[in-house]
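The values are calculated or read from the model by the stated rules, or taken from the named source; none is laboratory data. Note that the coordinates shown come from a computational prediction; the quantities given were computed from them, not determined experimentally. Here Cβ is always computed from backbone atoms with ideal geometry, including for glycine, and neighbour counts include all displayed protein chains. Note: areas computed on protein heavy atoms with side chains; ligands, DNA, RNA excluded. Shrake-Rupley method; radii C 1.70, N 1.55, O 1.52, S 1.80 Å.
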Amino acid sequence: MFHIHCPYCDEYREEEEFHPRGQAHLARPATPDTTTDDEWGGYLFFRDNERGIHHELWVHSVGCRKFFNITRNTATYEIHETYKMGERPSVTAENLPDSQHQSGVQAATSGWQTVGARPESASLNQEEQV
Amino acid sequence: MKRYSGFGLVKHAMSHHENWERQWRNPTPKKQYDVIIVGGGGHGLATAYYLAKVHGITNVAVIEKGWLGGGNTARNTTIVRSNYLWDEAAALFEHSMKLWEGLSQDLNYNVMFSQRGVLNLGHTLQDMRDIQRRVNANRLNGIDGEVLDAKGVQDIVPILDCSKNARYPVMGASWQPRAGVARHDAVAWGYARAADSMGVDLLQNTEVTGFKIRDGRVHGVHTNRGDIEAKTVGCVAAGNSGVLAKMAGFKLPLESHPLQALVSEPLKPILDTVVMSNHVHGYVSQSDKGDLVIGAGIDGYVGYGQRGSYTTIEHTLQAIVEMFPIFSRVRMNRQWGGIVDTCPDASPIISATPVKGMFFNCGWGTGGFKAIPGSGHVFAATLAKNEAHPIAAPFSIDRFNSGALVDEHGAAGVAH
Ligand SMILES: Cc1cc2nc3c(=O)[nH]c(=O)nc-3n(C[C@H](O)[C@H](O)[C@H](O)COP(=O)(O)OP(=O)(O)OC[C@H]3O[C@@H](n4cnc5c(N)ncnc54)[C@H](O)[C@@H]3O)c2cc1C
Ligand SMILES: [Zn+2]
């Protein structure tokens, strides 16, 4: 069971209060009229499906009902951070040391329980929106 | 390969069953093969078998990072049925069903295929309308199916709560009598043994770590036991398909989710068919050993850990007890998870890829066990001829750009 920190409620709550909603930061094509079938297909259906660091959208469905993002390792299930809509992740596959996002890993280091981490600093990375 | 027979059983009894030959070799990888199959689950092994048997291509390696059938093939709840809605899917799953019906003889291996029938319950008016539509579509495609009312369901499963007191009363069901269950391990082992006997090399404990790709064409694979060459590579890796695609430089329209199942302590025979409910969301059958085999939904997040969350177990058992109050004090024995590769339209992918010579067979998600014979058969033809088999053609990756989806969310229903 995940213990997830909702960045809006600013509290840790059990997984049951939340719903996962898939990969985060998917930008809808800005110019629908000139978007090709391949681009639409990519936006609608093709996913990173990362084994390792994954940025994903969750909704606090029976809490504040707000959407927010989680950076999570899909192999170890460790939650690295949660952050608000419109913000960028501070933890990425690129900026983590190799050992921490090893995709081959099958077992959680901390057993079954994984605890959501609060971002270390409130000022998150201001990358360009992609 | 020595054929298995009743006579052989008696003969080996004389020597206390100590002299059975090994079911397959444990070969050293060759430098080069005509075809490499990545993934030694049911689908990969069946593909290798039909390549050798139907197409005479025997210089084939099946590369498996763990042990044969140790992925979803060994983790599934073994429901086999073919009552899918759309013509494309019905053709594929019925093709498979026909092969199931002669499989034990074909492989000379008892896969314990038991056509005990499958019920898909309806609990609302809309459920019943969908059931009627699907059964009618099935019949037009020559697939057996009946619409039952609550009494008809009760006659088949006396222990099911069909009373009006249930929170979601059973209104009826679709019933496919030819559907049933099979022994999962035996399917993998039967295909493995038969493929091996025709010369296919089964390479276990061998992990594909990358592909040799030059000028947009595949030339082989990198493994933890060295490089192996082949001009044709078929990837059949279920939940890890996306990881392989990434190595090859493209994305798939897939997400990998944990799906769990559980079995109870063994009971005396009490349930002689398979009961599934999309609405209450759970399904159950009883194995030959006597344990109840139970499953339900995926965990909603992307995950590669072969386990599931406790909340999902709880929901699953709530559904089972809702349908079968008699099971409320049965103790559960074991629980496990597999990583299922779910597609947006709940139909599989059997397809060429942007890399020449490289093909993927994946996206079976929560329901590909039933398809092992048919999928292996059409994928082998696709690899052998370098052109999609007619039954496989609608399941190309292109459909996610063209929009020609095969939406089987209704028939795929409760994850299994
Ligand atoms: C709990 C559960 C219940 C299910 N119930 C049903 C059911 O009732 N009916 C039904 O029809 N279906 C069911 N399914 C779905 C079914 O199990 C799968 O669709 C089917 O088994 C997939 O077979 P496969 O051969 O494609 O995959 P797998 O059996 O998973 O085989 C893939 C293999 O690829 C190997 N592999 C992965 N990466 C690499 C690599 N890099 N190098 C080498 N090898 C690699 C893996 O080790 C694995 O052995 C269920 C699944 C689960 C998890
Ligand atoms: Zn909240």
Non-local residues with an amide H under 5 Å from the amide H of B:F211, with H modelled 1.01 Å from N and Pro and chain starts lacking one, are B:H222
Using a 10 Å cut-off around each Cβ of peptide B:26-38, what is the average number of partner chain Cβ atoms that fall inside? 0
Which length gain, in nm to one decimal place, applies between B:S402 and B:R129 when the Cα-Cα distance is subtracted from 0.36 nm times their residue separation? 95.3 nm
Distance between modelled label sites at B:L267 and B:N59, nm, 7 Å Cα→Cβ extension: 5.5
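What fraction of the Cα pairs in chain B, stated in percent, has a spacing above 38 angstrom?
20
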Candidate lysines - alpha carbon under 22 Å from B:K2, same-chain residues fewer than 8 apart omitted: B:K11, B:K53
Using all C-alpha to C-alpha distances in the stretch B:277-348, build P(r) with 10 Å bins and read off the rounded percent in each one. 17, 47, 30, 6
Karplus-derived 3J(HN,Hα) from phi for the stretch B:246-257 (6.51 cos²θ - 1.76 cosθ + 1.60, θ = phi - 60°), whole Hz, x at Gly and Pro, runs 4, 4, 8, x, 9, 9, 10, x, 9, 10, 9, 10
Using only the alpha-carbon atoms, how far is helix B:87-101 inclined from the longest principal axis of chain B? Give it as 0 to 90 degrees, nearest 10. 80
Can you tell me the dipole magnitude for chain B around its Cα centre, using point charges on the Cβ only (Lys, Arg +1; Asp, Glu -1), in Debye to the nearest 20? 780
May I ask for the net charge around B:I57, where only other residues with Cβ less than 11 Å from the Cβ of B:I57 are counted and Lys, Arg are +1 while Asp, Glu are -1? +1
Using a Förster distance of 22 Å, how high is the FRET efficiency between A:Y43 and A:E17, based on the Cβ-Cβ distance and rounded to 0.05? 0.15
For the stretch B:283-321 and the stretch B:16-43, what is the separation of their C-alpha centers, rounded to whole Å? 32
Can you give the Kirkwood hydrodynamic radius for the stretch B:61-147, in Å, rounded to one decimal and based on Cα pairs? 15.3
How large is the dipole of the stretch B:45-136 about the Cα centre if only Lys and Arg carry +1 and Asp and Glu carry -1, each at its Cβ, rounded to the nearest 20 debye? 160
With θ set to phi - 60°, apply the Karplus curve 6.51 cos²θ - 1.76 cosθ + 1.60 along the stretch B:322-330 and write out the HN-Hα couplings as whole Hz, x wherever there is a Gly or Pro. 4, 7, 10, x, 4, 8, 5, 10, 6
Multiply the residue separation of B:N110 and B:D155 by 0.36 nm, subtract the distance between their alpha-carbon atoms, and state the gained length in nm to one decimal. 13.2 nm
Which value, in debye to the nearest 20, describes the size of the charge dipole of the protein assembly as shown about its Cα centre when Lys and Arg Cβ atoms bear +1, Asp and Glu Cβ atoms bear -1, and nothing else is charged? 1520
Grab the DSSP H runs of the protein assembly as shown that are 4 residues or longer, score each as -39,500 (n - 2.57), total them, divide by all residues and round the 222 nm result to the nearest 500 deg cm²/dmol. -7000 deg cm²/dmol
For q = 0.16, 0.21, 0.25, 0.31 Å⁻¹, Debye-computed log10 I/I(0) when each Cα of the stretch B:125-182 counts as one equal scatterer: -0.54, -0.85, -1.05, -1.22
Enter the Cα centre distance for the pair the stretch B:47-119 and the stretch B:175-212, rounded to the nearest angstrom. 8
At 1.4 Å probe radius, can you tell me the per residue accessible area of chain B in Å²? 40
On full extension of the chain, what length is gained from B:N333 through B:L140, given 0.36 nm per residue of separation minus the C-alpha to C-alpha distance? 65.3 nm
Grab every C-alpha pair in the protein assembly as shown, bin the distances at 20 angstrom width from 0 up to the longest one, and report whole percents. 21, 54, 25, 1
Residue-ordered couplings for the stretch B:152-163, obtained by feeding phi - 60° into the Karplus form 6.51 cos²θ - 1.76 cosθ + 1.60 and rounding to whole Hz (Gly and Pro as x), are x, 5, 4, 4, 7, 10, x, 7, 6, 6, 9, 6
Could you tell me what percent of the accessible area of the protein assembly as shown is made up of carbon and sulfur, with a 1.4 Å probe and every protein chain present? 51
Qualifying lysines (Cα of each under 23 Å from Cα of B:K356; at least 8 residues distant if same chain): B:K30, B:K31, B:K212, B:K231, B:K246, B:K251, B:K385
Taking H placed 1.01 Å from N in the peptide plane, check which residues at least 5 places from B:K356 or on another chain put their amide H under 5 Å from its amide H. B:R217, B:V218
Which cross-chain or sequence-distant (5 or more) residues have an amide H under 5 Å from the amide H of B:S347, H modelled 1.01 Å from N in plane? B:E408
